1. Just to be sure I understand the model, the point goes 7 Å from the Cα along the line to the Cβ. What's the resulting B:Ala210 to B:Glu23 distance in nm?
2. Can you give the average number of partner chain beta-carbon atoms within 10 Å of each beta-carbon in peptide B:175-188, as a whole number?
3. B:Arg70 to A:Val198: FRET efficiency via 1/(1 + (r/R0)^6), r the Cβ-Cβ distance, R0 41 Å, to the nearest 0.05?
4. Tell me, what HN-Hα J-couplings in whole Hz come from the Karplus equation 6.51 cos²θ - 1.76 cosθ + 1.60 at θ = phi - 60° for each residue of the range A:154-163, using x for Gly and Pro?
5. Could you grab the relative contact order for the range A:85-200? Cα pairs under 8 Å, six or more apart, rounded to a whole percent.
6. Using the Karplus curve 6.51 cos²θ - 1.76 cosθ + 1.60 with θ = phi - 60°, work out ³J(HN,Hα) for each residue of the range A:228-243 in order, rounded to whole Hz, and write x for Gly and Pro.
7. Please list, in order along the range A:204-213, the HN-Hα scalar couplings obtained from phi with the Karplus expression 6.51 cos²θ - 1.76 cosθ + 1.60 (θ = phi - 60°), rounded to whole Hz, x for Gly and Pro.
8. On the first, second and third principal axes, largest extent first, how far apart are the outermost C-alpha atoms of the range A:54-94 in Å?
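Each reported figure results from applying straightforward, stated rules to the coordinates on display, with no laboratory input. Model, not experiment: these values are computed from the prediction. Counting neighbours? That spans all protein chains shown, and the Cβs are built from the backbone with ideal geometry, glycine included.
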Amino acid sequence: MSTTMLKTTSALRAAVRNSAPLTTRAAAFSTTSAVQQKATLPDLKCKHPISGLEIGDDYNALEPAISGKIMELHHSKHHQTYVTSYNAAQEKLGDALAKGDIASAIATQPLVNFHGGGNLNHTLFWENLAPKSQGGGEPPKGALAKSIDGHYGSLDAFKEKFNTALAGIQGSGWAWLVQDVDTGSLSIRTYANQDPVVGKFHPLLGVDAWEHAYYLQYENRKAEYFKAIWDVINWKKAEERMK
Amino acid sequence: MPTYHLPTLPYPYDALEPHFDEETMRIHHTKHHQTYITNLNNLLSDQPTLNTLSVEEVVAKLSHLPAEKRKGVRNHGGGHANHSFFWRNLTPSSTNSTLSGELKVAIESTFGSVDAFQQVFEKAATTVFGSGWAWLILSPEGELRVVTTANQDSPLMGESIAGPGTEGRPILALDVWEHAYYLRYRNVRPDYIKAYWSVVSWDFAAEQFALAKGQLEAAL
C-alpha cells in the first residue's frame, strides 16, 4: 500500500498544519523545496499487512454496490487527477514560498487544499471499502462497536444518522465517522467539496457523496447508493484507525 | 398547495444531441429540477407573503425568511431559478444561433474579443471546485463580468450570499454540477464546456442583456 505517497518531512507537515506565520512556513518549505515528496496514485490492489483485506486487481470487486465502471473512472481518472494536480500545486506553492512571493503562495493554497484534500480523502476511502468476500459489510467489533452502541444505540441507528447526514449534503462533499482527537468521542461530520478531516477530528470512515461516486449507476437516486454502500464498508479498517 | 411548477422544456429532450445527450436532459429536467421544485414548495408552504412571488424574487429576498428556512430555500429556490434560466439559455443544435448586435459589441469591448471572452468563461467553468455554475452577468454598475457561484447560489442572491462580485443579472449560465455532464462526458468537464457553445442561445442572451440594461437605466 502506497502509504508513502503522502509522506512529507515533519517540518513541512507541521508548518502546513498549524497556523504558523508564513515566514516559518517559508523556512520549512525552502529547506525541503528541493525534496518535495511527489504524491502517487495508490494501488487499489493493496493487501493490508494486518487485516489482509484487499480490493483486488478487479475494478468490479465491489459490485453490485458500486459498479466496475464507476470504480475504474473514480480511481484511474478522478483520483489520479487529484494526485497530478496536487503535485503541480505543491510545486507552485514551493516556488512561491522560496521566492518570498506571499501573494502567489496564498493564491495557490486553495488548489493545494482542494487537490491535496481530494488525494487524502480518496486514499482513505479505498481503504475503508472491501469486497464482501474480504469482509466488506461485516459489522464492527471491539472498541469501535462498543463506542458506536454507546453513542448511537445500535449500528443500525448509526447508519440511519450517517445516511441522513449524507442526504443533507448540498452540492459536493463527504460524510465521515470521526473521533475527537482530545476526547476520543465519536461523531458524524460532513465536509464540503474535498475539505479533509484535519485538526480537531480524526477520520475513521468516509463515504464520498460527490455525484461522480454514484451517478453512472444510481443517477439521481443517491439514497439507494447510500444504502447499498454499507455492503462494502470495511469496518476492520475503521477499527484500526481508532485511537 | 404547490406554487412553483416545472417549466416545460422549450424543445424535445434529444434536440441538443450530440452535444448535450437526451438521457441527461431528461433526468436533469424531470428529476433534478423537479426535486428542487418539490422541496421549494414544501419549504414555502407556510410562507404566504413569499410564495406568491416569482422564484427569482424569492432568491433575492432570502433574508426575509425565517432563519431555519434560509439554507433550504437558498438551495432549492436557487436550484429552481438557475435551472429555469438554463433551459431557456439553451437551444436545439439545429438552430444557427449567432452572437451579434449590442451584446457582441459589449463582449468585445469588455473582453477584447469574443474568443477572449470564451476563454475566460471556459476557464471559470473548468475551475469551479465541486458543484456550481459559471455565469456571464451584467453587474449593478453596468459591466459585463464572468463569475462563478457554488452549489445553487445565484447572482440574484447578492454578494453577501453568493460571494464578492457575483451580484448581477444573468446573461449566460452553465451548470457544472457533475449531473449536468457525467453520463456523456464522464470526468472530462472541459469537453462538456466546449460543447456548450454549440447549444447556447445567443438570442436569449441578447434578450436578457437588453432587459438588464433597461432595468439599470430605469433605476437611474
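1. 4.0 nm
2. 3
3. Working: r = 29 Å, r/R0 = 0.70.
About 0.90, to the nearest 0.05.
4. For the range A:154-163, the Karplus curve yields 6, 5, 5, 5, 4, 4, 5, 4, 5, 5 Hz.
5. Values: 105 pairs, mean separation 24.9, N = 116.
That works out to 21 percent.
6. Going residue by residue, I get 5, 5, 4, 5, 10, 6, 9, 5, 4, 5, 4, 4, 4, 6, 5, 9 Hz, with x marking Gly and Pro.
7. 10, 8, x, 10, 7, 10, 4, 4, 5, 6
8. 43, 18, 12
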